[in-house]
Structures are given as structure tokens and as C-alpha cells.
1. Suppose you put the label 7 Å out from Cα in the Cβ direction; list, shortest first and in nm with one decimal, how far residue B:166 is from each other copy's label.
2. So the label point sits 7 Å from Cα along the Cα-to-Cβ vector; using that for residue A:101, what distances do you get to the other copies, in nanometres, sorted shortest first?
3. If you take each beta carbon of peptide A:119-132 and count the beta carbons of other chains within 10 angstrom, what is the mean?
4. Could you pull the Rg and Dmax for the range B:101-182, using just the Cα atoms, both in Å?
5. Could you size up the charge dipole of the range A:1-43 around its Cα centre, putting +1 on the beta carbon of Lys and Arg and -1 on that of Asp and Glu, and report it in debye to the nearest 20?
6. Between residue B:104 and residue B:183, what is the spin-label point distance in nm, taking each point 7 Å from the Cα along the Cα→C-beta axis?
7. Any idea what the relative contact order of chain A is, in percent, if you count C-alpha pairs under 8 Å spaced at least 6 apart?
8. Exposure proxy check: A:148, B:32 ranked by fewest other beta carbons within 10 Å?
There are 2 protein chains.
Amino acid sequence: MDSAVCLHVAHAEGFAIHAISFRYGQRHALEIDAARRVSGSLPGVEWMLVDVPLDRFGGSALTDRDLRPSREGGGREIPLTYVPARNTVFLSLALAWAETLAARDLFIGVNAVDYSGYPDCRPEYIAAFEVLANLATRAGVTGSSFRIRAPLQHLSKAQIILKGRELGVDFALTRSCYDPDLQDRACGVCDACRLRLAGFAAAGLVDPISYVDH
Amino acid sequence: MDSAVCLHVAHAEGFAIHAISFRYGQRHALEIDAARRVSGSLPGVEWMLVDVPLDRFGGSALTDRDLRPSREGGGREIPLTYVPARNTVFLSLALAWAETLAARDLFIGVNAVDYSGYPDCRPEYIAAFEVLANLATRAGVTGSSFRIRAPLQHLSKAQIILKGRELGVDFALTRSCYDPDLQDRACGVCDACRLRLAGFAAAGLVDPISYVDH
């Protein structure tokens, strides 16, 4: 959902869009089909799917069958669903593509409000990656700088949903649920579902996707 | 060769070593077999090979059949063999593994002297990655910091070779040549071969590998 709104923000700003999704061993790989549908819903978007096997390293409930992401509660400082260095790997690969395209604006749908437990969603992390990107590449030598854009960074989930509605995002195409086994419905109880449902409730809107009846 | 010496430096410092190599679509994939042999030559080294398809993005003579890396000469500021964002992708994946291992020292064999044309070999780049690593991960929250170690950074190729000899590196196991078609010999004329041969000459040593007779 955040990625979909982020894509529409970039589109509304008039960018020619090259979208990138990652098959990284996530158990909830259905999000890849959703990303393809969302990208296909906007004219002129080039979409690339890249394989990067973060499940080889383990350490996250999102890639490891023995760790369960559902209903973990709020006690822990960093959620079990944190995937080590995931956003750094994703941004690095996006940077590689951007450099070959001569693109300079990298958009990422991170959000520091609802997911404050993820270190790689913090504003200071995004700022540090921008510094790195400009040292890592030809940009650092030629002086044409990369910008890492995180337009949802300071929005609540409800604000993200309202912005998405304003920009014409079809939320029925999106998927948030971490449950790998549900095809056409969402579980409604994992962290991602609970944040999504609370966001729609706070925005005063109805989530168009289907949930398992509990 | 640089990676082999870097590995031996870490080993000599007493680290338990988890080595990582990347199959990134490099045409000279024979270096992967060499990495495996070099890692296997030290007791207790765990070696992992990770696939990451940088050739999907193009833009480098090392991954693209239509660009030739050989004998490009010294005119250009950044060599054709530069692979966009490669070291950032490699370090990011190493960081992901390190975080799950609770390792804190990441070694990389970059060198700012002979390869000064590569932006992601510069000391300021390495320093920026260290800052990023500590914001990107649990380390940033718990205060147990990552260190990015680049022990060859300020050495000439000759000094790297002399350090390798001192540490017992078997240079016959290593491979530098960019030519993808030569199995048991090196071409002797690509940038990597020329730097290697000049390094051995400056060190007053004989390179134990075989070269094509020109």
C-alpha cells in the first residue's frame, strides 16, 4: 500500500517511472503480483522484478518458516518482521539501475511513523543513504546528485491512505498481509493487516480488500 | 588477488571468517571458482556464494558482451569496467549476513591507489558505508557498531603482493583476468592483468599463474 501511494506520488510529480520489485525469499510473495498489478495500472511505468536471496541469511520472520510474524504484540523494540539490511540491499540495487538509466530520483515508500521500530525506515538512515549514493557512483565524480525521496516518511497510515485516494490509487490492487497461505484474502491479524485496518478506520474509509472472517 | 590478501589479513587478526562471493553476471565468472579455492585454502572459513543479477541493469564491460574491457587505455576518468553500484550492493548483502551472524567487522579488498577511477573504492565511500551500516541495522539501535575494514585501501599493488607473500597467500589459486574465455591462463593485456603483472614486477616477484603468449 505504501509503495503504491509512493509510486503515484512520483507519477503525479511528472517523472518517467522505472519501478523495481524484489523477490527476496519473502514468504508473502503474493505482494509481487500486487506490485506488478499496481505498476500496470499506471501508463508508461516500466516494471522490473529482481531476485535477491535474502532468505539465505535468515534472521527474519518474513523469510524464515520457523519464525511466525502474526500477532507479535508491542513489547519488542525491533519487530521480528525486520529483515536485516533489507532496505539497504533494495536501495543499492535501485541505485545500480538508476545509474545505468541516468535517473537521479529514487523513491521509496518508507514510513517512520507507524513502523518506527525498523531502523532502516528512519529519516537519518535515508539521509545517510543519499550521502552514500553520491559517493558510490559516477554522480559523485561528475557532480550530478542522486536524491533519495521518501514522500511518506512523516505521514501516518491514515494520511497515506488519504493521499492515495486523492491521487487515484486503487487499493483493491494492493496487498499488505504477511500470511503466505491466503490467496484472495488477508488475515486481518498480522502486524501489517492491523496497521492497514487501523489506518483505514482512522481515515474514515472502507478497505476494499477481503479479509478472513474471525 | 586483493580479496585473497584481504581474507588472509582478517585471518591473521584472528577473526572467525564468513566469506561471501557474488555471482553477479560477471563475464569472468572463473573468479568464483578461484574465490572458492582461496577460501578453502584456509582452515575454518565458511564460504557463501550469493546470486545477484547486476547484469540485468547493464552499463559495464564486465557484465555486457557488447562492451570490451581489454586495453581501454588511460583516457577515461572512470573505467568501462566500473559496474554501477557494485560495491554498495556487495557490502549491503554482506551487512545482511553479518547482522544475522552478529558479526561486526566487514572486510573488503578495495584499493584506492591502483583503481582510483572507481568511485566506490575511495576512503570517503568506505567511511560513508560504515555510517550507513550503523543506521541501517539493529546495531544503530543497540549501540554495537559495525566497522568496515579496507586493509588494502592505501597500498600499491606491489605492497599488496608483498603483504600477501608475508601472510602465506598462494597466488597460484587467484584469478584477476577479465577475459571470460580463457580457462587455465590469463590474457596478460586487460586492465586487471596489466595491473597484476606490473605489481609483481614492482615487488620483484614472479607471478605463478600462466599467461597467454603474445
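Every read-out reported here was derived from the displayed coordinates using simple, explicitly stated rules and does not represent laboratory data. All values derive from a computational prediction rather than experimental measurement. A quick note on method: Cβ atoms are made from the backbone with ideal geometry, for glycine too, and the neighbour counts reach across all protein chains shown.
1. Once sorted, the set of distances for residue B:166 reads 6.2 nm.
2. For residue A:101, the other copies' label points sit at 3.3 nm, shortest first.
3. Values: counts 9, 5, 0, 4, 1, 3, 7, 1, 2, 9, 7, 1, 6, 13.
That average works out to 5.
4. 15.8, 49
5. Numbers: 4 positive and 4 negative charges, 40 e Å.
Using only the charged Cβ atoms, the result is roughly 200 debye.
6. Placing both labels 7 Å along Cα→Cβ, they lie 4.7 nm apart.
7. Details: 325 pairs, mean separation 51.6, N = 214.
Taking the mean separation of contacting Cα pairs over the length of chain A, I get 24 percent.
8. Numbers: A:148 22, B:32 16.
With the fewest neighbours first, A:148, B:32 line up as B:32, A:148.
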